[in-house]
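One structure below.
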Amino acid sequence: MNETYIAAVTIAGMTVGSVGIFVALGAIILGFIALFGFWFFEVRRPFTLKRINQNPVLEPKPEHWWESEAVFNPAAVVDQGRVHVLYRAMGSDGISRIGYASSKDGIHFDERLPYPVFSPTRDFGLPNRNRVYGPLSYSQTAYASGGGWGGCEDPRMVTIDNHVHVTFVAFDGWGFVRVALTSILKKDFLQKQWTWRTPALLSPPNEVHKNWVLFPEKIGGRYAILHSITPKILIDYVDNLEEFDDSNRFIRGSTRHGGREGKWDDIVRGAGAPPIKTPHGWLLLYHGMSSKESHIGYKVGAMLLDLDDPRRVLYRSANPVLVPREWYEHDWKPNVIMATGAVVMNDDLFVYYGGGDKRVAVARANLRDFVRQLMHGEHAELKPVTL
C-alpha cells in the first residue's frame, strides 16, 4: 500500500514538473516570438511614407506678375508653430525674386504674400545688360537656369541667435554665378518687416558656385558654412558673418562634381537643404545623378555627418531617397527635383523641393525611422506627396 502511494505521488510530481517545464519553455518561446515581432515590425519594417492629398503645395499665380511663370526651390524654417517658406519665383521678365508663404501643418499654406519679399540688386543678381544675350524674358529654351536670365535664386534659410540667415545664388548671366548671404532679425521676419541686411558675396569671382548652406547652429562657437561635398566635405568656420562685408574676403570652394564611381550618384551637384541635427549626426540631403541615366535629372541622396566634425561622413544612402516620378516633377522641365528646404515637425521630417523648375512640393518621413534606416544601410526612401 505504501509503495503504491509513493509511486502515485512520484508520478504526479513528475507530471507537475513536466507541465512546469513545458510552461517555462512556452514562456521562453513566446518571449522570443515577441522579440522577433518587435525586431521585424519596429526595426526591420519597410519604410512607408504617408501620402497627402496636396501636392504641389505652391504653384505659379498668373495674377502676380513676379511669380506668374514658376515658383520652386524653397527654403524653410519652423518658428512659433508654423513653417515659413521662402521660394524662388519667376515672372515673365525672366528675373528671379523671392516670395513668402507659411503653413501651420507644413502642408496647407494658408498665408502667401502677394509681393516679393526680397529682390535682386546690382551686383547681387540684378543683371548687367552688357552680359545679356538673347530675349530678355522668361524662356526655358533660351535660359537653362530655371528659365531665367538673372536674379536671386534657390534660397536656403536657417535661424541662429535671433537672426534669419539666407544664402542664395546671385545670378547675372553665366559669367556671374556666385553665392551670396543676407540676414534679417527674426522678429522683423516674423512681423514681415523685410529689413534685409545688404548682401555679401561668399564665393570668389570668375567661378561658378551654388548649393552652399549654413549649419543651423554654431559649431565650436563659430558659424559653419558647408560649400563642397565632393570629392570630400569642405566647411569653413567664421567668427562673424560680417567678415564677408570685405569685398576681398571669399571662401575658396571646390568646383568639382565627381561622385561615387559605379553608384547612382557618380555625379554630385551639391548640398540640398541646410543640415538637420539629430542625436546620431547631421542629416544632410544632397543632389546627385547617374552618368548612365542622363535622361533622369537630379535625384536626392542622404548622408549623416559627425556632430562635432561634420567633415566626417558616418553614413550615406546606397540609393537615392527621392527620385522624380510624379507629373509635377516632369511638367515643364522633366526629371528635375531640388530639395532645398527641410524642417522637423512633430517628429516628422518635411522636405520641400522644387519640381520641374515650376512648382513646390513636399515629401515627409518619420525622422527617427529615416535616420535609423540610413544608419543600418536599409533603403530609406522619401516619396513624393501627391494629390
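Determine whether residue 313 is at pLDDT 90 or above and assigned by TED's automatic domain parsing to the domain that holds residue 211.
Values: at pLDDT 90 or above: yes; assigned by TED's automatic domain parsing to the domain that holds residue 211: yes.
So residue 313 fits the description; yes.
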So, in the stretch 217-226, exactly how many residues are touching a strand residue (DSSP E or B) at 6+ places or on another chain (Cβ under 6 Å) and either without any contact (Cβ under 8 Å) to a residue 60 or more places away in the chain or farther than 27 Å from residue 303 by Cβ (or both)? 2
Say whether the condition of being of a type in the set (Asp, Glu), within 30 Å of residue 346 (Cβ to Cβ) and in contact (Cβ under 8 Å) with a residue 40 or more places away in the chain is met by at least one residue in the stretch 206-213. no
Please specify each residue of the stretch 178-202 satisfying the condition of being more than 16 Å from residue 165 (Cβ to Cβ) and either crowded, with 21+ Cβ neighbours inside 10 Å or not assigned by TED's automatic domain parsing to the domain that holds residue 162 (or both). 178
Inside the stretch 311-344, can you point out the residues that are aliphatic (A, V, I, L, M), in contact with a strand residue (DSSP E or B) (Cβ under 6 Å, 6 or more places away or on another chain) and either surrounded by fewer than 18 Cβ atoms within 10 Å (Cβ to Cβ) or not in a loop (DSSP other than H, G, I, E, B) (or both)? 313, 314, 322, 337, 338, 339, 342, 343
Counting just the residues of the stretch 219-253 that are among the hydroxyl-bearing types (Ser, Thr, Tyr) and in a loop (DSSP other than H, G, I, E, B), which one comes out nearest to residue 281 (Cα to Cα)? 230
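How many residues, within the stretch 203-214, are touching a Phe, Trp or Tyr at 6+ places or on another chain (Cβ under 7 Å) and buried (at least 18 other Cβ atoms within 10 Å of the Cβ)? Please lay out each step first, then the result.
Of the residues in the stretch 203-214, the ones touching a Phe, Trp or Tyr at 6+ places or on another chain (Cβ under 7 Å) are 203-204, 214.
From the residues that got through so far, the ones that are buried (at least 18 other Cβ atoms within 10 Å of the Cβ) too are 203, 214.
Residues flagged as touching a Phe, Trp or Tyr at 6+ places or on another chain (Cβ under 7 Å) and buried (at least 18 other Cβ atoms within 10 Å of the Cβ) within the stretch 203-214 amount to 2.
The values are calculated or read from the model by the stated rules, or taken from the named source; none is laboratory data. None of these values were measured; they are calculated from a predicted model. Cβ atoms come from the backbone with ideal geometry, glycine included; neighbour counts cover every protein chain shown.
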